[in-house]
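Quick notes on the structure that follows.
The numbers here are math on the coordinates, done by the rules we state, and not lab data. Just so it is clear, the structure is predicted and the values come from calculations on it, not from any experiment. Every residue, glycine as well, gets a Cβ built from its backbone with ideal geometry; the counts of neighbours run over all protein chains shown.
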Amino acid sequence: MKRVWISALALFAASGAGLLSSSGARATIEDEKLDAAKLKDMVVNLGYEVKALNTEQGKEKWQFSVSKGGYDVPIGVEISPSTNYIWLTISFGEVKKDAKFEELLKKNGEIQPANFYITKKGFLMMGLAIDNRKVTPATMKRCVDLVAQDTADTADLWK
């Protein structure tokens, strides 16, 4: 038994704290993250037509539309400055004077992990942060569908 533990410990240490890939190459947390080009490719490969909103290196942002509940939902996608998150965002335009703030805040409890927020420039937004580690196309599609459905389901609050 002692021999098994020593062998397991040696293998763990040799793999760089468990980060040995199937090819034997050392993998890091950074290798698991999508960069801007891979993010765009993933969205395109899911069948969405993307348009560039920002092409500045390190600030790339794209937009694509998803039809849900009778709405064409324009979804922005970008990587956070820290590269730790992928953001899916929907802009509903400038906050209206008669905005239903209490209802919006209450609705956050129902639609979480997505949430409503207001930008510094006064725009009402919905956003969903995705952990940028090992994001698969299936995960991205599920998250896109989630924010698109949440957008359609909350139309009475942002229209």
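So the values come out like this:
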| read-out | value |
| --- | --- |
| Across K120/K159; K68/K134; K96/K121, pairs whose alpha-carbon gap is larger than 23 Å | K68/K134 |
| The range 51-105: trypsin sites (Lys or Arg not before Pro) in DSSP loop, at most 13 other beta carbons within 10 Å | K59, K96, K97, K100 |
| The range 33-158: C-alpha gyration tensor shape, a/c 1.5 cut-off, then a/b vs b/c | prolate |
| ³J(HN,Hα), Karplus 6.51/-1.76/1.60, whole Hz, each residue of the range 145-159, x for Gly, Pro | 4, 4, 5, 5, 5, 4, 5, 4, 6, 10, 3, 4, 8, 10, 6 |
